[in-house]
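See below for the structure under consideration.
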Amino acid sequence: MDLSILKQNLEAAGYDVAEFDTKEDATAYLSEQIDGQSVAFGGSVTIQQMGLYEALASHNEVLWHWAVPEGKTAPQVLAEARTTDVYISSVNGVAESGEIINIDGNGNRVAGIMYGHKKVYLLISENKVAKDYESALFRARNIAAPLNAVRLGKKTPCAVKGDRCYNCSSPDRICNELSVLWKKPYGCAYEIILIHENLGY
């Protein structure tokens, strides 16, 4: 996939952008860039598939509620993750025009992306890219969210088939917050990592 238009629009929106052919190349780059820092991850299958936790935890303090250390709980890790130097997350959808979309259940990921850290890295694989804003939003709601609900074993209508959003009122609903980055937010460095593979949902 040619990501040149997306890269151009992301740079015009104020982001630094790095582009890689493989997840291994992207992981090696991030491991080189991030050293001796405190790092938090959002919930992300992409991060898991990249082996990013293992790569960074060897020489950084990494907090991830998917890898809770002995003696701590997931809520404790999530609380501590709010104040790390670096935050890393994948995205649910991105438009070629540059809008970045994420849907969240309890808000930790969208909050971490938007505020509180010195630098944020956002991981974007080819399957997350859509033609325009409406298509990216559709992708986040009707592809990424149902697949995540299936993965998490949620009791929601979308998890039955993993096919689309039903805008449900289930207590297990994971689509409670929506964030859109129209441009790079103030007060924080942002770097987009474009990866020429299909990763995550």
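The values are calculated or read from the model by the stated rules, or taken from the named source; none is laboratory data. Keep in mind it's a predicted model, so treat the numbers as computed, not measured. Reconstructed Cβ throughout: ideal geometry from the backbone, glycine too, with neighbour counts over all protein chains shown. The protein model used for the area step is the full one, side chains on, heavy atoms only, and it has no ligands, DNA or RNA in it. Shrake-Rupley method; radii C 1.70, N 1.55, O 1.52, S 1.80 Å.
Annotations
- The loop-placed chymotrypsin sites (Phe, Trp or Tyr not before Pro) in region 142-191, going by DSSP, that have at most 14 neighbouring Cβ atoms within 10 Å of their Cβ come out as Trp182, Tyr186.
- In order through region 48-54: 3J(HN,Hα) via Karplus (6.51 cos²θ - 1.76 cosθ + 1.60), integer Hz, x for Gly, Pro: 5, 5, 6, x, 6, 4, 4
- Dipole axis of region 62-201 (+1 Lys, Arg; -1 Asp, Glu on Cβ), positive-most option in Ser170, Val129, Ala74: Ser170
- Within region 1-85: Cβ-based charge dipole about Cα centre, in debye rounded to nearest 20 (Lys, Arg +1; Asp, Glu -1): 400 debye
- Farthest toward the positive end of the dipole of the chain, out of Asn198, Ala95, Leu152, is the Cα of Leu152, where the dipole comes from beta carbon charges about the Cα centre.
- Sparsely packed GluC sites (Glu not before Pro) within region 1-86, loop by DSSP, other Cβ within 10 Å at most 14: Glu70
- For Ala40, distant residues with modelled amide H under 5 Å away: Leu63, Val86, Tyr87, Ile88
- Evaluated with a Cβ-only charge set (Lys, Arg +1; Asp, Glu -1), the chain carries a dipole of roughly 960 debye about its Cα centre, given to the nearest 20.
- Result for the chain in a Gaussian network model with C-alpha springs under 10 Å: among Ser125, Ser170, Ser135, the largest mean-square fluctuation is at Ser170.
- Normalised by the number of residues in the chain, the mean separation of alpha-carbon contacts (under 8 Å, six or more apart) gives a relative contact order of 29 percent.
- Under the combined filter of DSSP loop state and at most 16 neighbouring Cβ atoms within 10 Å, region 151-201 retains these trypsin sites (Lys or Arg not before Pro): Lys155, Arg164, Lys183.
- Solvent-accessible surface (1.4 Å probe) assigned to Met1 amounts to roughly 120 Å².
- Computed from backbone phi, the HN-Hα couplings of region 77-83 come to 5, 4, 5, 5, 5, 5, 10 Hz, rounded to whole numbers (Karplus: 6.51 cos²θ - 1.76 cosθ + 1.60, θ = phi - 60°; Gly and Pro given as x).
- Among beta bridges that DSSP assigns inside region 80-201, antiparallel share in %, nearest 5: 35 percent
- Region 1-80, relative contact order in percent, only Cα pairs under 8 angstrom and at least six apart counted: 23 percent
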